[in-house]
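The structure appears below as structure tokens.
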């Protein structure tokens with residue numbers, strides 16, 4: 001077994017003493033195997049790991065997986081899963097409730113003998129994924145290198161007269177021509193459209209003297225980046241400038257709190273404290289940030305409800321936003337690495 005699988009197995013006794021864990025989420029499988037999974041399962045026992053797939057993915061799995069036994073199923077994966085569990089005397093089979101549909105749970109129960117128990121074991125892999133190793137940090141930084149180039153490219157592209165959709169197409173061409181993909185559908189919102197936090201590109205024509213919000217991410221080899229930048233065309237209205245200044249201050253104050261041992265909710269609270277002084281907190285409705293890695297949204301969460309403590313190796317976004325209905329919205333977003341004694345802003349404030 002590789003290091004990540006061994007670490008997972010070490011956690012079995014602390015999670016209701018399971019004998020094995022069934023993993024069906026593609027990102028979790030990719031993390032544990034360093035192989036891009038698709039429509040396949042990973043069963044990790046105390047001594048061995050099994051990749052359960054069908055004939056479509058069999059050859060590439062056998063070629064790409066190291067130290068993991070590849071098992072082909074012919075009828076349905078539950079049958080193969082049951083055979084392995086029987087062979088390795090698995091009595092307590094863990095599964096992740098968040099990634100297991102009710103239909104799948106019923107199927108697992110159907111193929112479970114009476115002496116085998118299905119045990120909820122939520123978040124085992126995600127808790128390991130929260131802390132990025134040096135290789136993962138390098139992967140994210142690699143995404144950011146292209147991300148910075150894309151932002152510089154967009155500085156030449158975004159101008160009055162183009163539609164949001166035309167800008168989106170130019171951005172897509174740049175990203176894909178550089179061998180990458182998007183982490184998520186880009187948000188390109190101009191003028192009043194920017195007051196929608198998750199706006200999609202429309203046929204609205206960009207005008208002079210208004211802001212254009214661009215939120216997009218780069219995906220290279222499964223790892224992701226996530227940044228938001230604002231383009232101000234022509235004259236910046238005083239109100240817009242005031243909001244930008246407040247958000248910039250809120251973000252920097254929040255980032256100054258980031259270090260190991262700090263509760264994620266404290267970081268969120270610091271940003272809201274600043275915006276409250278400017279009378280803008282009521283326009284900030286979402287959480288301050290989230291983890292980024294193989295998924296664009298993963299643990300930990302910088303939110304008022306979070307009870308998680310920051311640890312060295314976590315990568316989070318810090319993205320306060322103000323959205324004034326029917327007027328405009330501004331969000332400032334950077335990616336931050338928690339270091340041994342504090343943090344590092346991976347994306348820089350002005351890239």
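The values are calculated or read from the model by the stated rules, or taken from the named source; none is laboratory data. This one's a predicted model, so the numbers in the text were calculated from it and none came from an experiment. Glycine also receives a Cβ, built like all others from the backbone with ideal geometry; neighbour counts cover every protein chain displayed.
List of remarks:
- Residue 261 vs. criteria crowded, with 18+ Cβ neighbours inside 10 Å and either assigned by TED's automatic domain parsing to the domain that holds residue 32 or modelled with pLDDT of 95 or more (or both): no
- Complete set of residues in the range 109-135 that are surrounded by 18 or more Cβ atoms within 10 Å (Cβ to Cβ) and in a helix (DSSP H, G or I): 124, 125, 126, 129
To keep it simple, each residue is scored yes or no on (1) outside any strand (DSSP E or B); (2) more than 25 Å from the chain's Cα centre (by Cα); (3) more than 14 Å from residue 121 (Cβ to Cβ).
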site: 17; (1), (2), (3): yes, yes, no
site: 22; (1), (2), (3): no, no, no
site: 31; (1), (2), (3): yes, no, yes
site: 43; (1), (2), (3): no, no, no
site: 47; (1), (2), (3): yes, yes, yes
site: 56; (1), (2), (3): yes, yes, yes
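- Selection from the range 182-231 of residues that are surrounded by 16 or more Cβ atoms within 10 Å (Cβ to Cβ) and at positive phi: 191, 222
- Among (1) over 18 Å from the mean Cα position of the chain (by Cα); (2) under 30 Å from residue 152 (Cα atoms); (3) modelled with pLDDT of 95 or more - the single one residue 234 does not satisfy: (3)
- Residue 304 passes every criterion in (1) free of Cβ contacts under 8 Å to residues at least 40 places away in the same chain; (2) under 20 Å from residue 148 (Cα atoms) apart from (2).
- Residue within the range 52-62 that is loosely packed, with under 14 Cβ neighbours inside 10 Å, touching a helix residue (DSSP H, G or I) at 6+ places or on another chain (Cβ under 9 Å) and either within 30 Å of residue 131 (Cβ to Cβ) or free of Cβ contacts under 8 Å to residues at least 24 places away in the same chain (or both) present: no
- Taking the conditions (1) surrounded by fewer than 22 Cβ atoms within 10 Å (Cβ to Cβ); (2) touching a residue at least 12 places away in the same chain (Cβ under 8 Å); (3) under 24 Å from residue 216 (Cα atoms) in turn, residue 344 satisfies each one other than (2).
- Within the range 3-15, the residues that satisfy the criterion of being part of a helix (DSSP H, G or I) and either in contact with a strand residue (DSSP E or B) (Cβ under 9 Å, 6 or more places away or on another chain) or under 23 Å from residue 83 (Cβ atoms) (or both) are 5, 8, 9, 12.
- If you go through the range 321-351 and pick out every residue that is at pLDDT 95 or above and in contact with a strand residue (DSSP E or B) (Cβ under 8 Å, 6 or more places away or on another chain), you end up with 18.
Each row is one residue, and each column tells you yes or no for (1) closer than 22 Å to residue 295 by Cβ; (2) touching a residue at least 24 places away in the same chain (Cβ under 8 Å); (3) surrounded by fewer than 16 Cβ atoms within 10 Å (Cβ to Cβ).
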{"site": "14", "(1), (2), (3)": "no, no, yes"}
{"site": "20", "(1), (2), (3)": "no, yes, no"}
{"site": "27", "(1), (2), (3)": "yes, yes, no"}
{"site": "33", "(1), (2), (3)": "yes, yes, no"}
{"site": "45", "(1), (2), (3)": "no, yes, no"}
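- Exclusive hit being touching a strand residue (DSSP E or B) at 6+ places or on another chain (Cβ under 9 Å), in contact (Cβ under 8 Å) with a residue 40 or more places away in the chain and not assigned by TED's automatic domain parsing to the domain that holds residue 317, set 119, 158: 119
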